[in-house]
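This report refers to the structure that appears directly beneath it.
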There are 2 protein chains.
Amino acid sequence: MVNQEDPRVLRTRQLIKAAFRDLLRRKGFDAITIKDIAQKATINRATFYAHFEDKYALLDEVTEQAFHEMIPEQVANAREFTDEICDQLILQTHRYILDFYQTCRMDSKSMATLVDEKIKKMLLHTIESIFLKGATHLGVNRHSIKVMAAMTGSAIYGAAQCWLNVEEIDRTDGLVDIVRPYVMNGLGLYRDGDK
Amino acid sequence: MVNQEDPRVLRTRQLIKAAFRDLLRRKGFDAITIKDIAQKATINRATFYAHFEDKYALLDEVTEQAFHEMIPEQVANAREFTDEICDQLILQTHRYILDFYQTCRMDSKSMATLVDEKIKKMLLHTIESIFLKGATHLGVNRHSIKVMAAMTGSAIYGAAQCWLNVEEIDRTDGLVDIVRPYVMNGLGLYRDGDK
DNA sequence: GACAATGTGTTGCCTAAGCAACTTTTAACT
DNA sequence: AGTTAAAAGTTGCTTAGGCAACACATTGTC
């Protein structure tokens, strides 16, 4: 039951997600109760459970959606893992993490972990899907492609996260200059003469 | 059917009114269809009719609510028709008319008439209810009080509307200086030495 | 004036949402 | 440890909202 096409369902889910995002901006994740969410969304508490298992599932979906909406067309449609695409992914990841940590109170350990995992997974998936479009020649079998994607995603994510502790957080060109050569060399795709 | 207490009903009515106010800001009243409203409110067209007879009834309610929310506490609780209260009513009426004509496209004759009538009626009612609280001594019987209220409301409204065509629309002190003495004298309540 | 196209209301059937009244966790206090 | 309170989930029944399909009015255009 609960037909995902029903306009009432779409509206209710929008209301819940909007309420949640709003609450995250002024309360810690752990401090937010289902009752809070239901109240702000002007829905019944029981209705919440018809749509989400719990607030973790909600967080998962909100995170996914936010990241997804952030992906530029260029990256989503990319058929080849070029320098430009690589740069975009690095910047997007960095921007996303920054946004999240700035607008939400990441007081909750559980939340930070969940969000991190989610983003990493999406990043990885995005990269893998570009690799699989096949224009870029890497290892032959899907297995090695998966591993390459995993490494690339993890590297980008790790670097972006690490950059949070750097003095010049906003000097993203510094980040890009470090990560791109590393990744592209690792993949054996580096072109520019340097290094 | 349709219990006005049901949270779904409250929410739906809010959505409809918000959608309508929004549409009024960019479309003429006549150009707005029920379909437009339903779409923007993310409800079904049939649901609209469960709450409002037509868009005229909706306009009526939106107008009433907007005017009502504009009434200062001081005026709502007034037990006597003083100079200050009189001034407040004049300014409020002027402000309301100005707002309405500025934010909405008053292209429709029917709409302008309806809104005008509505505001006048509410203004009149507000004044009457102050008179009836009785601290102000006017004629004895309710009948004459009603007439006094009607005259006062009409005078204030007429003046405020007329002021729209004056060069210095925003010089509201000019408006007040003309209307207050007129009304207070008419009611036999004027105190200040002047005139 | 015939025609299509679009908006207005209405109706019956189905589904999502609200509610009350539970049980079960979880957490805080003493 | 024992008590209490608040939050988390669950369930059966009721009601508002969505939809399709209708009849009817309005408009424009050929």
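For A:Thr82, indicate whether it is over 15 Å from the mean Cα position of the chain (by Cα), farther than 16 Å from A:Thr152 by Cβ and open to solvent by less than 60 Å² (accessible area, probe 1.4 Å). Write out each step before concluding.
Values: over 15 Å from the mean Cα position of the chain (by Cα): yes; farther than 16 Å from A:Thr152 by Cβ: no; open to solvent by less than 60 Å² (accessible area, probe 1.4 Å): yes.
The answer is no for A:Thr82.
Tell me the residue from A:Leu15, A:Leu91 that is away from chain B (no Cβ under 14 Å) and touching a residue at least 24 places away in the same chain (Cβ under 8 Å), please. Can you show your working first?
Numbers: A:Leu15 fails: away from chain B (no Cβ under 14 Å).
Within the list A:Leu15, A:Leu91, the selection yields A:Leu91.
Could you give every pair whose Cβ atoms fall below 7 Å, whose first residue belongs to region A:111-126 and is crowded, with 16+ Cβ neighbours inside 10 Å, and whose second residue is in a helix (DSSP H, G or I) and among the small types (Gly, Ala, Ser), counting only separations of at least 6 or pairs across chains?
From region A:111-126, the pairs are A:Lys120/A:Gly153; A:Lys120/A:Ser154; A:Leu123/A:Gly153; A:Leu124/A:Ala149; A:Leu124/A:Ala150; A:Leu124/A:Gly153.
What's the number of the only condition in (1) modelled with pLDDT under 95; (2) open to solvent by 40 Å² or more (accessible area, probe 1.4 Å); (3) part of a helix (DSSP H, G or I) that B:Phe67 fails to meet?
Going through (1) modelled with pLDDT under 95; (2) open to solvent by 40 Å² or more (accessible area, probe 1.4 Å); (3) part of a helix (DSSP H, G or I) one by one, B:Phe67 breaks only (2).
Mind telling me which of the residues B:Asn44, B:Asn3 ends up being open to solvent by 50 Å² or more (accessible area, probe 1.4 Å), modelled with pLDDT under 95, out of contact with any Lys or Arg (no Cβ under 6 Å at 6 or more places or on another chain) and within 11 Å of DNA strand C (Cβ to nearest atom)?
Working: B:Asn44 fails: modelled with pLDDT under 95.
When all the criteria are applied, what remains is B:Asn3.
How many residues are open to solvent by 70 Å² or more (accessible area, probe 1.4 Å) and either touching an Asp or Glu at 6+ places or on another chain (Cβ under 6 Å) or closer than 14 Å to A:Asp30 by Cα (or both) when one looks only at region A:85-110?
3
Residue check, A:Ala78 against (1) hydrophobic (A, V, I, L, M, F, W, C); (2) in contact with a helix residue (DSSP H, G or I) (Cβ under 6 Å, 6 or more places away or on another chain); (3) over 24 Å from A:Leu132 (Cβ atoms); (4) in a loop (DSSP other than H, G, I, E, B), all met but one. Which one?
(3)
How many of the residues making up region B:3-41 are acidic (Asp, Glu) and either closer than 24 Å to B:Met106 by Cβ or more than 12 Å from DNA strand D (Cβ to nearest atom) (or both)? Full working, then the answer.
Here is the first cut: in region B:3-41, the ones acidic (Asp, Glu) are B:5-6, B:22, B:30, B:36.
Applying the additional criterion that residues be either closer than 24 Å to B:Met106 by Cβ or more than 12 Å from DNA strand D (Cβ to nearest atom) (or both) yields B:22, B:30, B:36.
Looking only at that region, the number is 3.
The values are calculated or read from the model by the stated rules, or taken from the named source; none is laboratory data. Because the structure is a prediction, the values reported are computed rather than measured. Counting neighbours? That spans all protein chains shown, and the Cβs are built from the backbone with ideal geometry, glycine included. Only protein heavy atoms, including side chains, enter the accessible area calculation; ligands, DNA and RNA are left aside. Shrake-Rupley method; radii C 1.70, N 1.55, O 1.52, S 1.80 Å.
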